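Have a look at the structure below before the remarks.
The values are calculated or read from the model by the stated rules, or taken from the named source; none is laboratory data. Since we're looking at a predicted model, the values are computed, not measured. Heads up, the Cβs are rebuilt from the backbone with ideal geometry, glycines too, and the neighbour counts pull from every protein chain shown. Surface areas here come from the heavy atoms of the whole protein model, side chains and all, with no ligands, DNA or RNA. Shrake-Rupley method; radii C 1.70, N 1.55, O 1.52, S 1.80 Å.
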Amino acid sequence: MEEKKLDVKSIIGFVLIFGILLGWMYLRQPSKEELEAEKAKQEQLAAAEKKAEEAKQQPSQNQSKPSLNLNDSTAVANYKSAIGAFGFTEATNGTTVLENDVLYLVIANKGGQIVEAKMKEFVTFDSIPVYLVKDGNADFGISFSTTDNRTLATQDLYFEPNLTKSGDNQVLSMKARVATNQFLEFRYEMKPKDYLVDFTVRSQGLGSVVNSSKEVDLKWDLKGIRHNKSVRYENRYTRLTYNHEDGKISKLSENSDLDEETEEEVKWLSYRQHFFSSILATDKPFSTAAISSKNLVEEESRSIRYTKDYSAKMPLSLQGGEFNQSMYWYYGPTDVDVLSSYEKEDKYKDLDLVESIPFGWGIFGWINRYVFTPLFGLLSSFLPYGIAIIVMTIMVRLALSPVTYKSYLSQAKMKVLKPEITELNEKYKDNAMKKQQETMKLYNKAGVSPMSGCVPALLQLPIFYALFMFFPTSFMLRQKPFLWAEDLSSYDTIFELPFSIPFYGDHVSLFPILASIAIFFYMTLTTGQTMQMQQQPGMPNMKFIMYLSPIMMLFFFNNYASGLSLYYFISNLITIFIMLAIKNYIINEDKIHAQIQENKKKPKKENRFQRKMREMMEEAEAQKNTGKRR
């Protein structure tokens, strides 16, 4: 009875602490004027650091190429001499805009490539529009040889733009001509309210100009632009993903300084930048692709502008000496709703662009994609996002409550057997083998398995890992606030440190602190009974683990999504209530003890594994005794 009172007092104290913390956070909320002043200060700081970084970082290949001075007649003449027949096209600088309600693209005359791609509905952490292509961070082009022994690259050619309409679609034709009716064309077609742009590379009358016996290569480079306040956290989910060999999804390393691969039958390449992706897809898979990903982030710094440097090189096959490759550009959010919508269109359903989202592998990814993603989408459609997380957490814990019951029941049985196990430990304290053998016999007679408490924990691992991938990568949570957290997809901050602590960071997040407190109380309940039993030789120190786990969680989750920390806080809090209810109102230790004594009276038939283990232990004991006699 005294134990029950103690448990109730503990949980009441914990609830009071939580209430005080929430009240403290509410009272210390800054005013509207303070928020605006802080925002202006941060914007000024970000602008200054961005300017310094732009001056410091190396320009991309596209930036480093010298531009042609069109007012210099000698330079223009030399340029036309270098490009041969393509000098027929008049060299004029300029750009053309393709724009709909969600996407803004700028295509340059020189190179005919996209030089700016802006998301019209999204901003970065510092309220700047999200750009996927800007300031020369991307370079796209095709290199080929001509019949007069020149090696050309489309990045050096000038294209003539022609913008027209096809129904509601905008069509931009960029042509590099060698004669009036002979040309290389880049054709862009943009649909209303769509992130996917049809892109065709074709030619007419170039059979006698392009040397089809030489290699023709398509090359696409891109540096991922930073969008989040923590560049290391963003970089963890910035990765090159690709579809190859008839639907196989693979990724390059997100951590190594440089990762390179050569793959076959590549259907699409995704240069993912955490919540946004730049994707190049094709109807006819590229026969091979030499791809690479270089990490540009070494440490956390506000001055870092780029996360990774991606590169891909694919050969193009000519048809009758002419270019003819149908492709697609996708510049948009890594959002399951957007990417899965293309599966409903016959033209795009075979692309499987939704597979570029990092749901996780195997059963974990399946749970994430088909259980948690639609469930959270449903809840967040009528609830605030933070409340939706709490409701989903309650649903998950209630669904797992039978597993929690089994786990606690096993612990209760072990607690009932404690006096007998203590007696065996004392009786055979000088004979570890015999002590282990007799302990196993006791477990067998009582119908108790020391592993039965581990199995429920293992059953929860798929849920744990699926949620671990869901919260940091779910686009639905991006920039969604809750209480003091400004963005549930990133860490919350209640205090900025003037220095950085290794493995912890330069800020203090409150949700990980609350989650660590909750896990401490949870482990006090779950490991308390184990600690009451005499420590077995070779077994881990449970008291040490009880203190270590919350500290590890505090350090580990300080830089993770606040939505994930919120989930673990609520999850452990609910589990504590469930376990207290099971302990105080469902499980009766006297009845368990009576049941165990009844089990001892029944004849127990050993299974094959138990018999084998007993024989091995008896054999080891016999060999030990023989050695002693000798």
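Listing for the model above:
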item: Ordering of 98-109, 371-382 by packing [mean C-beta count within 10 Å, highest first]; result: 98-109, 371-382
item: Computed E for ILE494/LYS134 - FRET, C-beta separation, R0 51 angstrom, nearest 0.05; result: 0.95
item: Relative packing of 201-211, 566-576, which averages over residues the other C-beta atoms within 10 Å, highest first; result: 566-576, 201-211
item: Förster radius 35 Å - calculated FRET efficiency between ILE551 and LEU378 (Cβ-Cβ, nearest 0.05); result: 0.45
item: Computed E for ASP246/GLU426 - FRET, C-beta separation, R0 56 angstrom, nearest 0.05; result: 0.30
item: Pair LYS120, LEU483: separation of 7 Å Cα→Cβ label points (nm); result: 3.8
item: Solution diffusion estimate, µm²/s, Stokes-Einstein, the stretch 216-332, Kirkwood Rh from C-alpha pairs, 37 °C, viscosity 0.692 mPa s; result: 222
item: The stretch 197-209 - phi-based ³J(HN,Hα) in whole Hz, Karplus 6.51/-1.76/1.60, Gly and Pro as x; result: 10, 5, 9, 10, 10, 9, 9, 9, x, 9, x, 8, 9
item: Violating pairs (Cα-Cα greater than 18 angstrom) within the set LYS251/LYS294; LYS120/LYS308; LYS191/LYS344; LYS165/LYS191; LYS214/LYS294; LYS251/LYS313; result: LYS120/LYS308; LYS214/LYS294
item: Distance in nm between pseudo-label sites at TYR504 and LEU163 (7 Å out along the Cβ direction from Cα); result: 5.4
item: Additional length obtainable on full extension of the chain from SER317 to SER401, 0.36 nm per residue less Cα span; result: 24.4 nm
item: Simple label model, 7 Å out from Cα along Cβ direction - GLU261 to VAL76, nm; result: 4.8
item: Residue-normalised accessible area of the stretch 303-378, given per residue in Å² at a 1.4 Å probe; result: 41
item: Charge context of GLN479, other residues only, Cβ under 9 angstrom, K/R +1, D/E -1; result: 0
item: Cross-link pairs LYS110/LYS248; LYS134/LYS229; LYS193/LYS229 - those with Cα-Cα distance over 26 Å; result: LYS110/LYS248; LYS193/LYS229
item: More than 16 angstrom apart: percent of Cα pairs within the stretch 287-410; result: 80
